[in-house]
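The values are calculated or read from the model by the stated rules, or taken from the named source; none is laboratory data. Note that this is a predicted model, so its numbers are computed, not measured. Cβ: placed from backbone, ideal geometry, glycine included. Neighbour counts: every protein chain shown.
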Amino acid sequence: MTTLRLAPDPDGIAHAAALLTAGDLVALPTETVYGLGADARNGRAVAAIFDAKGRPRFNPLIVHVPDIATAERYVTWSDDADRIAQAFWPGPLTLVLPLRGGLHGDHGLSDLVTAGLGTLAIRVPAHPLARDLLRRFDGPVAAPSANPSGRISPTTADHVLDGLSGRIAAVLDGGACPVGLESTILGLADTPRLLRPGGVPVEALEACLGATIPAVDKSDPITAPGQLLSHYAPRAAVRLNADAARPGEVMLGFGAVPGDDTLSASGDLHEAAAALFGALHRLDATGQPIAVAPVPDHGLGRAINDRLRRAAAPRG
Ligand code: TXA
Ligand code: MG
């Protein structure tokens, strides 16, 4: 199969929507990273996502919808969910809530989307192209990040094609993703839990709920099944909290620590988040081991450090 690159215009969006309707896979830009989209009601289409990525079937998918009203068709809504969604949707935040009616409810979603869990991860993205496509398609879109499983997430259409060309029908080319890190995942099926740090700082969620939000415990059964430690992995070894490159290494700087490339010379965490995956893709192409400068562990820095730790983890 030849993967089409669709232009970010009404024709491209209409073509992408028609492919989704036909049960094909379409990569789409969101403000976080590119997603690999399929009709979440079509079991054959959802199964094709797992095959194209080489993703284990036990790892459930996020469903993307255009607005809160549509989200309420698929999950059991709550006061906390409403407060958070009103404040942060559309945006880089995913909520995990009870699947409406349970596994055998009349939500119409393929069982593969939830991997048999009684909860659903759902998100309303802010990217204008994602929103236009969701409205045009008029159905729920299951979409993991559009990378081969375990590899660096894509923040440009070229990254998508590097990893998945020939395995998916099309990519809707929206240029670079402005946030650059995946969504924050907030578990609200039970007491609030941070399942994955991401594009919305947890501090902002805590301020909204007026409570601290503990990170999920690794032994907790509701842990995001995808939080396998080695992830977002470049091919080369990654060394963290480095002040300077050792012989043979390429250096990724931050703030006052210089490098062959930098996340942000001014030490800006938004700029660093947006630059992270592109920099890892570029440095990985050198084939040399990568040293990375320290990044402060607050705000978006928490999500950046989470991705860096996974990139540096021993490969399993
Ligand atoms: O920014 C993002 O979230 C991007 C864009 C495309 O939306 N998507 C994304 O999807 O990062 P993915 O599949 O790469 O990561 C989703 C994570 C996985 O770790 C998965 O295990 C977890 O969400 N997840 C999905 N459904 C879940 C559920 N019901 N309970 C707990 N974790 C869940
Ligand atoms: Mg992913």
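For segment 97-108, the criterion of being closer than 26 Å to Ala157 by Cβ and in the same structural domain as Thr156 (by TED's automatic domain parsing) is met by none of the residues. The set of residues in segment 178-194 being on the phi < 0 side of the Ramachandran plot and more than 13 Å from ligand 2 (Cβ to nearest atom) consists of Pro178, Val179, Thr184, Leu186, Gly187, Leu188, Ala189, Asp190, Thr191, Pro192, Arg193, Leu194. Restricting segment 119-157 to residues that are small (Gly, Ala, Ser) and under 18 Å from Ile68 (Cβ atoms) leaves a set whose member that is nearest to ligand 2 (Cβ to nearest atom) is Ala121. The one condition from (1) within 12 Å of ligand 1 (Cβ to nearest atom); (2) free of Cβ contacts under 8 Å to residues at least 60 places away in the same chain that Arg73 does not meet is (1).
Just give me the residues in segment 128-139 being within 15 Å of Leu25 (Cβ to Cβ) and in a loop (DSSP other than H, G, I, E, B), in sequence order. Within segment 128-139, just Gly139 meets the criteria. Is it the case that some residue within segment 277-300 is modelled with pLDDT of 95 or more, surrounded by 20 or more Cβ atoms within 10 Å (Cβ to Cβ), charged (D, E, K, R) and more than 14 Å from Gly180 (Cβ to Cβ)? No: segment 277-300 contains no residue that is modelled with pLDDT of 95 or more, surrounded by 20 or more Cβ atoms within 10 Å (Cβ to Cβ), charged (D, E, K, R) and more than 14 Å from Gly180 (Cβ to Cβ).
Which members of segment 23-32 meet the condition of being β-branched (Val, Ile, Thr) and in contact with a Phe, Trp or Tyr (Cβ under 7 Å, 6 or more places away or on another chain)?
Within segment 23-32, no residue meets the criteria.
Determine which member of the set Leu133, Leu161 is surrounded by 21 or more Cβ atoms within 10 Å (Cβ to Cβ) and modelled with pLDDT of 95 or more.
Going through Leu133, Leu161 in turn, the sole match is Leu133.
Against the condition buried (at least 20 other Cβ atoms within 10 Å of the Cβ) and within 16 Å of ligand 2 (Cβ to nearest atom), how does Gly198 come out, does it pass? The answer is yes for Gly198. Determine whether Arg55 is under 16 Å from Ala146 (Cα atoms), of a type in the set (Lys, Arg) and surrounded by fewer than 21 Cβ atoms within 10 Å (Cβ to Cβ). It is true that Arg55 is under 16 Å from Ala146 (Cα atoms), of a type in the set (Lys, Arg) and surrounded by fewer than 21 Cβ atoms within 10 Å (Cβ to Cβ).
Every listed requirement among (1) modelled with pLDDT of 95 or more; (2) farther than 30 Å from Thr119 by Cα; (3) surrounded by 14 or more Cβ atoms within 10 Å (Cβ to Cβ) is met by Asn241 save one, (3).
From the set of residues in segment 35-56 that are away from ligand 2 (no atom under 15 Å from the Cβ) and in a loop (DSSP other than H, G, I, E, B), which is nearest to Ile122 (Cα to Cα)? Checking each candidate, the answer is Ala40. For segment 114-130, the set of residues classified as touching a strand residue (DSSP E or B) at 6+ places or on another chain (Cβ under 6 Å), surrounded by fewer than 22 Cβ atoms within 10 Å (Cβ to Cβ) and among the small types (Gly, Ala, Ser) consists of Gly118 only.
Do we find that Ala312 is among the aliphatic types (A, V, I, L, M), surrounded by 17 or more Cβ atoms within 10 Å (Cβ to Cβ) and farther than 26 Å from Pro29 by Cβ in this structure? Yes, satisfied. Considering segment 60-118, the qualifying helices (runs of 4 or more DSSP H), each wholly inside and each with 2 or more residues that are in contact with a Phe, Trp or Tyr (Cβ under 9 Å, 6 or more places away or on another chain), run over 68-71. Give the residues of segment 5-21 that are of a type in the set (A, V, I, L, M, F, W, C) and either under 23 Å from the mean Cα position of the chain (by Cα) or crowded, with 18+ Cβ neighbours inside 10 Å (or both), sorted by residue number. Answer for segment 5-21, where residues must be of a type in the set (A, V, I, L, M, F, W, C) and either under 23 Å from the mean Cα position of the chain (by Cα) or crowded, with 18+ Cβ neighbours inside 10 Å (or both): Leu6, Ala7, Ile13, Ala16, Ala17, Leu19, Leu20.
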